Amino acid sequence: MPVDLEQRASYERRDSILHGCDARIKIALLFVYLVTTALLPIGAWVVYLLMGGILLIAAVLSELPASFLLKRALLLEVPILLVLLPQIFLKSGSYVEISPWQGFAFSLSFTRLERVVSLLVRSWLSLQFAVIITAATRFEDLLIGLRACGLPHLLTAILGLMWRYLFVLVSEVQRLQQARQARSSVLAGPNWRLGGSLPWRAQVTGGMAGALMLRSLDRSQRIYQAMQARGYDGEIRAEAVASALTPAQRLQIVAILLAGVGMLMLANLMAAQ
Amino acid sequence: MININDLSYVYEDGRMAIEHIKLHFSCGEKVALVGPNGAGKTTLLLHLNGILCGQGSVRVGEEELDDRRVKLIRARVGLVFQSPDDQLFSATVFDDVAYGLIYQGVDKETIHERVARALEAVGMPGSQNRSPYRLSLGEKKRVALATVLCMQPEVLALDEPTAGLDPRGRRGIINLLAGLDQTLLIATHDLEMVREIFPRVVIMDAGRVVYDGPTSTALADTELLRAHGLLG
Ligand SMILES: Nc1ncnc2c1ncn2[C@@H]1O[C@H](COP(=O)(O)OP(=O)(O)OP(=O)(O)O)[C@@H](O)[C@H]1O
Ligand SMILES: [Mg+2]
């Protein structure tokens with residue numbers, strides 16, 4: 001049964017400090033964190049550690065279970081690992097030849113290894129931070145925040161509708177599957193034609209895909225009409241309409257920006273030494 | 001025929017929809033399930049053919065409803081969902097009504113004949129080639145009923161079959177149901193229909209059974225009806 005799919009998608013309900021924090025500040029934080037991490041030089045391990053510390057603080061403030069956050073981020077990390085890993089066997093920079101047995105040898109490049117591990121750590125930091133922020137921010141708040149950060153009205157409206165209709169689609173799929181399941185039965189006694197022929201099954205599935213499209217369109221349209229009937233004009237509204245940033249919030253955003261710049265300077269200084 | 005023992009179900013969001021339900025239905029019995037909105041009628045019916053699976057046990061005939069036997073039991077218990085949009089999923093009415101039969105491996109001629117008969121019974125003869133998606137609500141409800149009727153299950157579990165039908169359509173369904181000799185379990189708000197064709201009624205409120213007995217006694221007891229929101 002489709003239970004509150006929107007809640008399940010990325011947002012995890014909690015009453016933590018991070019959840020309560022203004023979406024604009026979280027967006028600024030995420031943006032600065034991503035840019036800083038991307039610009040950090042290779043092998044700046046101490047700064048990576050500092051960034052990890054910030055990550056840890058955010059994770060603790062979100063009050064979300066570590067296993068949940070790790071699982072989400074590591075799942076995204078796997079493809080990156082698969083792409084980067086072969087690089088360490090390239091013959092470049094300083095490398096050693098390893099020959100575990102006769103007739104088989106490969107090279108291991110230390111230069112590449114440092115590079116790959118740096119990239120992995122940084123990509124994980126970025127992903128993990130994004131996972132924490134999105135899990136602690138409602139999609140509507142994120143949209144309001146993006147809008148406040150100057151994203152055009154039309155774009156946020158489209159994003160908002162896409163988000164809503166995605167769940168319409170998913171719940172339609174679930175309903176169709178359940179309907180089919182309820183009538184997929186077996187007669188007692190020996191039966192060998194059970195489940196129908198393969199072409200027939202394919203045809204049923206095709207028909208369901210068609211029905212899905214029609215119904216989703218139809219439901220989306222009805223939702224849109226209902227929204228219009230209640231005065232929807234393309235602007236997303238949440239219970240708390242985004243108010244102007246307080247001086248304290250402005251200060252926080254400036255501090256976040258400065259912290260990002262500081263991290264970059266620190267990392268480059270250490271790399272230069 | 002059906003034995004429900006200490007059945008409880010909690011939805012994913014933590015809502016306790018039915019609690020410690022204990023009911024027995026004999027073969028051929030016609031029972032109406034009534035109660036206010038949110039009483040748990042739909043939730044209970046969804047357990048009868050394994051769409052939902054809660055705590056406690058459901059037995060159909062001699063068989064315990066479990067993962068292994070659920071497909072066998074679905075051939076014996078036909079369920080019609082409250083909303084016909086939850087029931088219909090094919091491109092044409094024929095495909096939809098025939099689905100269960102084709103899945104069971106019934107031969108072609110029997111299928112065509114049974115589909116035609118089921119559609120006629122619900123007052124939608126000759127609608128085989130229409131698209132279920134383009135039917136009116138009442139027409140969809142009738143086709144939804146036909147999808148299950150044609151499978152000739154021993155038990156029919158119907159969720160509000162007369163809601164949204166015009167008076168003539170409602171009368172047609174009532175006559176149809178009265179003429180069936182299967183075990184019949186119906187969730188409804190249509191007390192007139194209950195009075196007419198169901199000798200036994202089960203009243204549910206807030207997930208519990210609050211009355212189980214003869215319809216005449218229940219409907220004469222205005223206190224009982226008022227207490228459970230069945231009287232306007
Ligand atoms: N998918 C769901 N997720 C969470 N709670 C649900 C879900 N479906 C139903 N409920 C809750 O379970 C309770 C029983 O619902 P149910 O649909 O069984 O009532 P009902 O008796 O069929 O009502 P109605 O007469 O309105 O059809 C209600 O309180 C309802 O809010
Ligand atoms: Mg219901």
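Remarks
- For chain A, the equivalent ellipsoid derived from the alpha-carbon gyration tensor has semi-axes of 43, 34, 15 Å in decreasing order.
- Annotation: the antiparallel percentage among DSSP beta bridges lying fully within the protein assembly as shown is about 60.
- A Cα-only calculation for the range B:21-152 places Rg and Dmax at 15.7, 44 Å.
- Unsatisfied cross-links (Cα-Cα over 31 Å) in the set A:LYS71/A:LYS91; B:LYS22/B:LYS108; B:LYS22/B:LYS141; B:LYS30/B:LYS141; B:LYS30/B:LYS71: A:LYS71/A:LYS91; B:LYS22/B:LYS108
- Max mean-square fluctuation residue, GNM over chain A, Cα-Cα springs under 10 Å, options A:VAL204, A:VAL254, A:VAL131: A:VAL204
- Relative to the longest principal axis of the Cα atoms of chain B, the long axis of helix B:93-104 makes an angle of roughly 80 degrees.
- Per residue, the protein assembly as shown exposes 51 Å² of solvent-accessible protein surface, assessed with a 1.4 angstrom probe and all protein chains in place.
- Square roots of 5 times each gyration tensor eigenvalue, C-alpha, the range B:97-223, largest first, Å: 30, 16, 13
- Membrane-span-like helices in chain A, defined here as complete DSSP H runs extending at least 15 Å along the helix axis by their C-alpha atoms with mean Kyte-Doolittle hydropathy no lower than 0.0, are A:23-39, A:45-62, A:66-84, A:110-135, A:153-182, A:247-272; this is a sequence and geometry rule, not a statement about a membrane.
- The A and B chains share an interface that buries close to 2900 Å² of accessible area, total over both sides, probe 1.4 Å.
- Comparing A:ILE80, A:ILE98, A:ILE17 in a Gaussian network model of chain A (Cα springs below 10 Å), the most mobile by mean-square fluctuation is A:ILE98.
- DSSP-defined antiparallel bridges as percent of all bridges, the range B:156-232, nearest 5: 60
- Unit charges at the beta carbon, dipole of the range B:34-192: most positive-side option, B:PRO125, B:LEU185, B:PHE89: B:PRO125
- Selection from B:ILE73, B:HIS112, B:ILE2 lying farthest towards where the dipole of the range B:2-227 points positive, charges on Cβ: B:HIS112
- If only the Cβ of Lys and Arg carry +1 and only the Cβ of Asp and Glu carry -1, the dipole of the protein assembly as shown around its Cα centre is close to 1060 debye.
- Both radii come from the Cα set of the protein assembly as shown: Rg as radius of gyration, Rh as Kirkwood radius; their ratio Rg/Rh reads 1.10.
- Among B:SER26, B:SER136, B:SER216, the largest mean-square fluctuation in a Gaussian network model of chain B, built with springs joining Cα atoms closer than 10 Å, belongs to B:SER136.
- Rh by Kirkwood over Cα pairs, then Stokes-Einstein D for the range B:2-227 at 0.890 mPa s and 25 °C, µm²/s: 136
- Chain A, dipole about Cα centre (Lys/Arg Cβ +1, Asp/Glu Cβ -1), debye to the nearest 20: 760
- The accessible surface of the protein assembly as shown, taken with every protein chain in place and a 1.4 Å probe, is 61 percent carbon and sulfur.
- Taking all protein chains together and a 1.4 Å probe, the residues B:ILE173, A:ILE27 rank A:ILE27, B:ILE173 from largest to smallest accessible area.
- Only one residue of A:PHE89, A:SER99, A:LEU29 has its Cα farthest out toward the positive end of the dipole of the range A:1-141, where Lys and Arg carry +1 and Asp and Glu -1 on Cβ, and that residue is A:SER99.
- Of the residues B:GLU29, B:GLU160, B:GLU154, A:GLU97, ranked by 1.4 Å probe accessible area with the largest first, the sequence reads A:GLU97, B:GLU154, B:GLU29, B:GLU160.
- Principal-axis tilt of helix B:167-179 within chain B, Cα atoms, nearest 10 degrees: 80
- The charge dipole of the range B:2-227, taken about its Cα centre with unit charges on the Cβ atoms of Lys, Arg (+1), Asp and Glu (-1) only, comes to about 400 debye.
- DSSP beta bridge pairing in the range B:2-227, given as percent antiparallel to the nearest 5: 55
- Crossing angle, helix B:108-121 versus chain B [Cα axis fit, 0-90 degrees, rounded to tens]: 50
- Calculated mean residue ellipticity, 222 nm, the protein assembly as shown: -17500 deg cm²/dmol, from DSSP H runs (n ≥ 4) at -39500 (n - 2.57) each, averaged per residue and rounded to 500.
- Over the range B:2-227, relative contact order from alpha-carbon pairs under 8 Å, at least 6 apart, %: 27
- Test item: A:211-222 mean partner chain Cβ contacts at 10 Å: 2
The values are calculated or read from the model by the stated rules, or taken from the named source; none is laboratory data. Bear in mind the structure is a predicted one, so any value in this text is a computation, not a measurement. Cβ sites come from the backbone with ideal geometry, for glycine too, and all protein chains shown count toward neighbours. Quick note on the areas: whole protein, heavy atoms, side chains included, nothing else; ligands and nucleic acids left out. Shrake-Rupley method; radii C 1.70, N 1.55, O 1.52, S 1.80 Å.
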